[in-house]
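Engineer: Below is a structure I'd like to ask you about.
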Amino acid sequence: MGFPVVRMRRLRQNENLRRLVRETTLSVDDLIYPLFVCPGKSVKNEIKSMPGNYQMSVDKLVEECLEVRDLGIPGIILFGIPEKKDEIGSEAYSDDGIVQKAARALKEKVDNLLIITDICFCEYTSHGHCGVIKDGAVDNDETLKLLAKQALSHAKAGADILAPSDMMDGRVGAMRSALDKSGYTHVPIMAYSAKYTSAFYGPFRDAAESVPKFGDRRAYQMDPANADEALKEVKLDLEEGADIVMVKPALSYLDIIYRVKNEFGVPVAAYNVSGEFSCVKAAHGNGWVDGERMMMEILLSIRRAGADIILTYFAKDAAKLLK
Ligand code: PBG
């Protein structure tokens, strides 16, 4: 049966009709807000390439997290900017590291908010790569030992979920066994399983001060041309014990989100990364687009592709609109 009997516009006539037949929902329950913590007191430096986002000292971070919690956002993901960097990124696994201090303060002062911590070395190494350098390249297996130490130290400090973003082979297994041996069997791992080499990380690297000093990350992050490979990455992470798998970035990789959700049926997170955020903000600032509508359309599209969870710098703005 077709036109004139079938008229698709019949169910689009008004908002209540549209509400009844809407297939995808976006809720504050789906959102995670990324935050950057730095040393000092009363520090709140706006990140130029990411309007409305800041590097914050622990005291300011606590204030921010109270606001985030009161907006109903279930959790934050924390990135650290250390006091000093070195060759092996030792502050990453120090119990007095910046993220560890922040996690302890947040656990003490902010209840009812999940603290997810990013597990990686690029913010902590003097060369800006995601692990230990040997012969000009990141040494996978040496890095695994340090990632396991970092994970354990974050768990000890009170992190609720650990999120490895380094893309070393075997990191989920290495972290899981280190956690389990020390009594942290209950701490979930959200793995950045399909993390692509991407120009969309540009503003983040300003924010986290993590631009690599030589070369790039193509020898460990995924090639944007590959999709089957993402499924293999996800499968391996699940076998090693990942509880949630992530696709990153989100917008240029909606097909990957879709395939991962369909193939595995596990909780899938998508990272709506810094460049995706900044492009919208810049275009809105120039008066070229309606940034608010664009934000909601983007977040909805990520959900429609199959993501259960969205990590996004839009989390606060979206939560306010969804209220
Ligand atoms: C690496 C990490 C990166 C992001 C999150 N974790 C960047 C990178 O690989 O350079 C990017 C997030 C964003 O762009 O918003 N620790």
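Engineer: Placing unit charges on C-beta atoms (Lys and Arg positive, Asp and Glu negative, everything else neutral), compute the dipole magnitude of the chain about its Cα centre in debye, rounded to 20.
Structural biologist: My answer is approximately 1200 debye.
Engineer: Out of the DSSP beta bridges found with both residues in the chain, what percent are antiparallel (nearest 5)?
Structural biologist: The answer is about 15 percent antiparallel.
Engineer: To the nearest 500 deg cm²/dmol, what mean residue ellipticity at 222 nm is calculated for the chain from DSSP H runs of n ≥ 4 alone, each contributing -39,500 (n - 2.57), summed and divided by the residues?
Structural biologist: -12000 deg cm²/dmol
Engineer: Given the convex hull over the Cα atoms of segment 135-219, what projected area results after averaging over all orientations, in nm²?
Structural biologist: The number I arrive at for segment 135-219 is 6.3 nm².
Engineer: Jot down the per residue volume, in cubic angstrom and as a whole number, of the convex hull over the alpha-carbon atoms of segment 25-322.
Structural biologist: Roughly 121 Å³ of hull volume per residue.
Engineer: Given a 1.4 angstrom probe, I'd like the percentage of the accessible area of segment 25-322 that is carbon and sulfur, rounded to a whole number.
Structural biologist: 51 percent
Engineer: So how far apart, in nm, are the two label points at residue 289 and residue 22 if each is 7 Å from Cα heading toward Cβ?
Structural biologist: Modelled inter-label distance: 2.1 nm.
Engineer: Rounded to the nearest 5, what is the percent of antiparallel bridges among the DSSP beta bridges in segment 16-148?
Structural biologist: 30 percent
Engineer: I would also like to ask the following. Using the beta-carbon distance between residue 169 and residue 29 and R0 = 45 Å, what value does 1/(1 + (r/R0)^6) give for FRET efficiency, to the nearest 0.05?
Structural biologist: 0.85
Engineer: With all protein chains present, calculate the accessible area of residue 56 using a 1.4 Å probe and round the result to the nearest 10 Å².
Structural biologist: Ignoring ligands and nucleic acids, residue 56 comes out at about 0 Å².
Engineer: Also, quick follow-up: Taking the convex hull of the Cα atoms, report for segment 177-323 its projected area averaged over all directions, in nm².
Structural biologist: Average of the hull's projected areas for segment 177-323 equals 10.9 nm².
Engineer: Separate question: Using unit Cβ charges (K, R positive; D, E negative) and no other charged atoms, how large, in debye to the nearest 20, is the dipole of segment 1-107 about its Cα centre?
Structural biologist: Value, rounded to 20: 940 debye.
Engineer: Set the Förster distance to 45 Å, then compute FRET efficiency between residue 321 and residue 156 from the Cβ-Cβ distance, nearest 0.05.
Structural biologist: So, using R0 = 45 Å, E works out to roughly 0.75.
Engineer: Hey, what did segment 25-322 get for relative contact order, percent, Cα under 8 Å, at least 6 apart?
Structural biologist: Dividing the mean separation by the residue count of segment 25-322 yields 19 percent.
Engineer: From the residues 199, 136, 113, which one has its Cα farthest along the dipole of segment 25-322 in the positive direction, the dipole being from +1 and -1 charges on Cβ of Lys/Arg and Asp/Glu about the Cα centre?
Structural biologist: After comparing all options, I get 113.
Engineer: Of the cross-linked pairs 281/320; 107/134; 48/232; 41/84; 235/281, which ones have a Cα-Cα span greater than 27 Å in the structure shown?
Structural biologist: 107/134; 48/232; 235/281
Engineer: Compute the relative contact order of segment 190-323 as a whole-number percentage, counting only Cα pairs closer than 8 Å that sit 6 or more residues apart in sequence.
Structural biologist: Across segment 190-323, relative contact order equals 27 percent.
Engineer: Ok, one more. If every alpha-carbon in segment 1-96 counts as one equal scatterer, what log10 I(q)/I(0) does Debye give at q = 0.14, 0.15 1/Å?
Structural biologist: The calculated log intensity ratios at q = 0.14, 0.15 Å⁻¹ are -0.70, -0.75.
Engineer: Would you kindly derive the ³J(HN,Hα) couplings of segment 37-53 from the backbone phi angles with the Karplus curve 6.51 cos²θ - 1.76 cosθ + 1.60 (θ = phi - 60°), listing them in order in whole Hz, with x for Gly and Pro?
Structural biologist: Residue by residue, segment 37-53 yields 10, 10, x, x, 10, 6, 8, 8, 9, 5, 8, 3, 7, 9, x, x, 10 Hz.
Engineer: Provide the gained length on full extension for the span residue 96 to residue 282, in nm with one decimal, where the gain is 0.36 nm per separating residue minus the Cα-Cα distance.
Structural biologist: 63.2 nm is the gain from fully extending residue 96 to residue 282.
Engineer: Compute the label zone of residue 225 within segment 175-219: residues whose backbone N is under 19 Å from the point 7 Å along Cα-to-Cβ.
Structural biologist: 195-200, 216-219
Engineer: Residue 19: accessible area at probe 1.4 Å, nearest 10 Å²?
Structural biologist: For residue 19, the solvent-accessible surface is approximately 150 Å².
Engineer: Label residue 48 and residue 252 with points 7 Å out from Cα along Cα→Cβ: what is the distance between them in nm?
Structural biologist: Label-label distance for residue 48 and residue 252, simple model: 2.3 nm.
Engineer: If you stretched the chain out fully between residue 211 and residue 232, how much longer would it get, using 0.36 nm times the residue separation minus the C-alpha to C-alpha distance?
Structural biologist: Contour length minus Cα-Cα distance gives 4.8 nm.
Engineer: For the charge dipole of segment 173-282, defined by +1 on Lys and Arg C-beta atoms and -1 on Asp and Glu C-beta atoms about the Cα centroid, which residue among 190, 278, 175 has the Cα displaced farthest towards the positive pole?
Structural biologist: Toward the positive end, the furthest listed residue is 278.
Engineer: Between segment 208-248 and segment 145-167, what's the alpha-carbon centroid distance in Å?
Structural biologist: The two parts, judged by their Cα centres, are 17 Å apart.
Engineer: With a 10 Å radius around each residue's Cβ, average the other Cβ atoms per peptide and rank 154-162, 236-244, 40-48, highest first.
Structural biologist: Descending packing order for the listed peptides: 154-162, 236-244, 40-48.
Engineer: Separate question: In whole Hz, with x marking every Gly and Pro, tabulate ³J(HN,Hα) for segment 146-157 from phi via Karplus 6.51 cos²θ - 1.76 cosθ + 1.60, θ = phi - 60°.
Structural biologist: Taking θ as phi minus 60°, the curve returns 6, 4, 5, 5, 4, 4, 4, 5, 5, 4, 4, 6 Hz for segment 146-157.
Engineer: If R₀ is 41 angstrom, what is the calculated FRET efficiency for the pair residue 5 and residue 180, using the beta carbon separation as r and rounding to 0.05?
Structural biologist: 0.10
The values are calculated or read from the model by the stated rules, or taken from the named source; none is laboratory data. None of these values were measured; they are calculated from a predicted model. Positions of Cβ are backbone-derived with ideal geometry, glycine not excepted, and every protein chain shown enters the neighbour counts. Calculation scope for accessible area: heavy atoms of the full protein, side chains included, ligands and nucleic acids excluded. Shrake-Rupley method; radii C 1.70, N 1.55, O 1.52, S 1.80 Å.
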